[in-house]
Amino acid sequence: MDMTIGRIDPAFRDDIRCCFEEENYAIPARWLYDHAGSELFEQITELPEYYPTRTETALLAGYSAEVADKGGKGRAVVEFGSGSSTKTPHLLRATQPAAYVPIDISGEFLAASAAQLQIQFPQLPIYPLEADFMRRINLPDEISDMPKLGFFPGSTIGNMVARTSVDLLRFMRETLGIGSQLLIGFDRIKDPDVLVAAYDDSAGVTAQFSLNLLHRINREMDGDIAVDQFRHIAIWNDRYARIEIYLEAQSDLNFSIDARQYNMAKGQRIHIENSHKYGLRDARLMLRAGGWSPVTEWSDEKNYFSLILAEA
Ligand code: AVI
C-alpha cells in the first residue's frame, strides 16, 4: 500500500508509535512494502545469494505438470499476495485453469501484473482482487461454482509466527472451501551461512530494503530519523528456526516523528522482520494444523526449498 504524505495509514501510524512510544522496538514486516520497498524486494529476488525465488521457480517449471496430474487441472487458481505474479505462468500453463484470481493488497501491482498475464493468456478469465489475504475473503461470484487451487508461493508464510501462519491457513481454507487444493512454498532449514548471506547480500540491496522502512517513516510521518545512523543486521536464531532482521542504532540518536520526540541509544535495535525456515516435517505439520492434508511435496536436490500440494 503506497501512502502519500498527508494520508497516513492509521494502522501504520499506530504501529510506529507503538514501536517508539511503548519502547518495544519492533515494527511489523508488512510496512516494508511501500512502492520503493516493493521495488527493492523485486531486486532481492534476483540477487545471487537469494536462492528462494530461483529455486522455487525451477520447482514450478519442473513440477507444475505433476500438480495438474494430482487434481490441480482445470480449477480456478487463486493466488494469495500475487505481487508481480512472476512465477505464475508455469502453473497456469500446466494446470489450464478455468479462471485466475490474483489477490494483493497493492492495487497498483495487481492491475499491472494482471494486464501482463492477460497478454500471455488471452483466453483466461482473470479477476484481480484488491484485498488483505490475512482474513477470510469473498471470492468473485464468477468462480463460486468452480473447484479452487490456492497458490501461495515464496515462503511468504515464513514471515509470520506459527500462530499467525496457522490462522492464515485456516482463513485460506474458509476462503477456498472444502475440496480445494493449495500449492504452497516453504523455505527449508539449511546451513546458517547460506541463510545469513541470503538476507545480508554483498551488494547491500537487502540493507536498502530494510532501511527504506526508516525513509518511509520520514516520508509519511514527517520524521527526521538519521537513516545513515542505522545498520541492517540479519542473524540466524536457531531456537526459533528463523532469520531475524534488525536495524541497529550506530550512535545515540534523537529524532522526531509526527511532532513527537524519541531517542535511541547506540547499539539499540529495532526488530523489523522474521523469516522462518522449516525442517523436513515442520511444514506438513503446520498445514495439518491449518486444516490442510498434504498430498505431495517437491524439493530441489539440495533441499533448499519445498513446494507442497495439500487438500482441504
Ligand atoms: C517475502 N518474504 C518471503 C521474503 C523472505 O525471504 O522472508 C522477504 C525478505 N526480506 C528480506 N529478504 C527477503
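Of note:
- Residue that is farthest from the ligand (Cβ to nearest atom), among those in the stretch 127-163 that are of a type outside the set (A, V, I, L, M, F, W, C) and under 17 Å from A310 (Cβ atoms): P147
- Between R239, R269, R281, the distinction of being in contact with an Asp or Glu (Cβ under 6 Å, 6 or more places away or on another chain) and not aliphatic (A, V, I, L, M) belongs to R269 only.
- Checking the stated criteria, P153 turns out to be within 21 Å of L32 (Cα to Cα) and either buried (at least 16 other Cβ atoms within 10 Å of the Cβ) or touching a residue at least 12 places away in the same chain (Cβ under 8 Å) (or both).
- Residues in the stretch 73-83 that are farther than 21 Å from L168 by Cα and either crowded, with 21+ Cβ neighbours inside 10 Å or within 16 Å of the ligand (Cβ to nearest atom) (or both): R75 alone.
- Matching residues in the stretch 115-158 - criterion: being over 18 Å from Q96 (Cα atoms) and assigned to a strand (DSSP E or B): L129, E130
- Filtered by the rule that a residue be crowded, with 19+ Cβ neighbours inside 10 Å and more than 15 Å from the ligand (Cβ to nearest atom), the stretch 203-215 gives a lone residue, L214.
- Members of the stretch 174-197 found to be more than 14 Å from the ligand (Cβ to nearest atom) and within 20 Å of P153 (Cβ to Cβ), listed by number: T175, L176, S180, Q181, L182, L183
- Checked against the criterion of being touching a strand residue (DSSP E or B) at 6+ places or on another chain (Cβ under 6 Å) and either within 30 Å of D258 (Cα to Cα) or surrounded by 17 or more Cβ atoms within 10 Å (Cβ to Cβ) (or both), the stretch 4-14 has no qualifying residue.
- Helices (runs of 4 or more DSSP H) (entirely within the stretch 1-72) containing at least 3 residues that are within 14 Å of the ligand (Cβ to nearest atom): 35-44, 51-67
- For the stretch 239-281, the candidate set comprises residues that are of a type in the set (D, E) and free of Cβ contacts under 8 Å to residues at least 60 places away in the same chain; within that set, the residue that is nearest to L211 (Cα to Cα) is E248.
- Y304 surrounded by fewer than 17 Cβ atoms within 10 Å (Cβ to Cβ), on the phi < 0 side of the Ramachandran plot, within 16 Å of the ligand (Cβ to nearest atom) and touching a residue at least 12 places away in the same chain (Cβ under 8 Å): no
- Some residue of the stretch 233-250 being crowded, with 20+ Cβ neighbours inside 10 Å, away from the ligand (no atom under 14 Å from the Cβ) and among the small types (G, A, S): yes
- Check on I119, free of Cβ contacts under 8 Å to residues at least 12 places away in the same chain and more than 16 Å from the ligand (Cβ to nearest atom): yes
- Filtered residue count, the stretch 64-118, keeping only those that are under 23 Å from V295 (Cβ atoms) and hydroxyl-bearing (S, T, Y): 5
- Number of the condition not met by L285 [criteria: (1) more than 16 Å from the ligand (Cβ to nearest atom); (2) closer than 27 Å to S38 by Cα; (3) under 24 Å from the mean Cα position of the chain (by Cα); (4) aliphatic (A, V, I, L, M)]: (2)
- Flag for F171 being away from the ligand (no atom under 13 Å from the Cβ), in a helix (DSSP H, G or I) and of a type outside the set (G, A, S): yes
- Unique match (being within 16 Å of the ligand (Cβ to nearest atom) and at negative phi) among D200, D228, D224: D200
- Going through (1) in contact with a Phe, Trp or Tyr (Cβ under 8 Å, 6 or more places away or on another chain); (2) modelled with pLDDT under 95; (3) closer than 17 Å to M134 by Cβ one by one, V101 falls short only on (2).
The values are calculated or read from the model by the stated rules, or taken from the named source; none is laboratory data. Just so it is clear, the model here is predicted, and its values are computed rather than measured. Every residue, glycine as well, gets a Cβ built from its backbone with ideal geometry; the counts of neighbours run over all protein chains shown.
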